[in-house]
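Notes to accompany the following structure.
The values are calculated or read from the model by the stated rules, or taken from the named source; none is laboratory data. This structure is a prediction, so every number in the text was calculated from the model and none was measured. Glycine also receives a Cβ, built like all others from the backbone with ideal geometry; neighbour counts cover every protein chain displayed. Heads up: the accessible areas ignore ligands, DNA and RNA and are worked out on the full protein's heavy atoms, side chains in. Shrake-Rupley method; radii C 1.70, N 1.55, O 1.52, S 1.80 Å.
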Amino acid sequence: QVQLVESGGGLAQPGGSLNLSCVASGNIFSSYDVGWYRQAPGKQRELVAHTTPISSKIYGDSVKGRFTISRDTAKNTVYLQMNNLKPEDTAVYYCRASHFETTYWGQGTQVTVSS
């Protein structure tokens, strides 16, 4: 069983930056699709960013141009660089890794954007 552990969340001011990390307990990121999702209170979980093993990437409309997903397979880590944060980015952010019928989720990290 692979575990995903997110970190890097916290409190940021509007316009600020945070860099989230997702570390896998096994060497899966070279072959798995990886995505960052978020869920705000009272809202459905939504896709933030997604990357494939060949590094194609997609982003949610609300974060395009502000967030960047990247992976370091040597470190079994996927990152989400978040710039120009807005209060509406406040949510729990989850890492998800998938390969055919196998899916793993992390437990999430809280991001709060407030002045």
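What the table below lists for this structure:
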| read-out | value |
| --- | --- |
| The range 1-48: number of residues that are among the hydrophobic types (A, V, I, L, M, F, W, C) and touching a helix residue (DSSP H, G or I) at 6+ places or on another chain (Cβ under 6 Å) | 1 |
| Odd one out for ASN19, checked against (1) part of a loop (DSSP other than H, G, I, E, B); (2) surrounded by 12 or more Cβ atoms within 10 Å (Cβ to Cβ); (3) of a type outside the set (D, E, K, R) | (1) |
| Single residue of the range 22-32 satisfying the filter (in a strand (DSSP E or B) and of a type in the set (A, V, I, L, M)) that is nearest to GLY9 (Cα to Cα) | VAL23 |
| Spans of strands (runs of 3 or more DSSP E) in the range 33-115 with at least 2 residues open to solvent by less than 40 Å² (accessible area, probe 1.4 Å) and over 26 Å from GLN1 (Cβ atoms) | 109-113 |
| Among residues of the range 59-111, those that are of a type in the set (S, T, N, Q) and in contact with a helix residue (DSSP H, G or I) (Cβ under 9 Å, 6 or more places away or on another chain), counted | 1 |
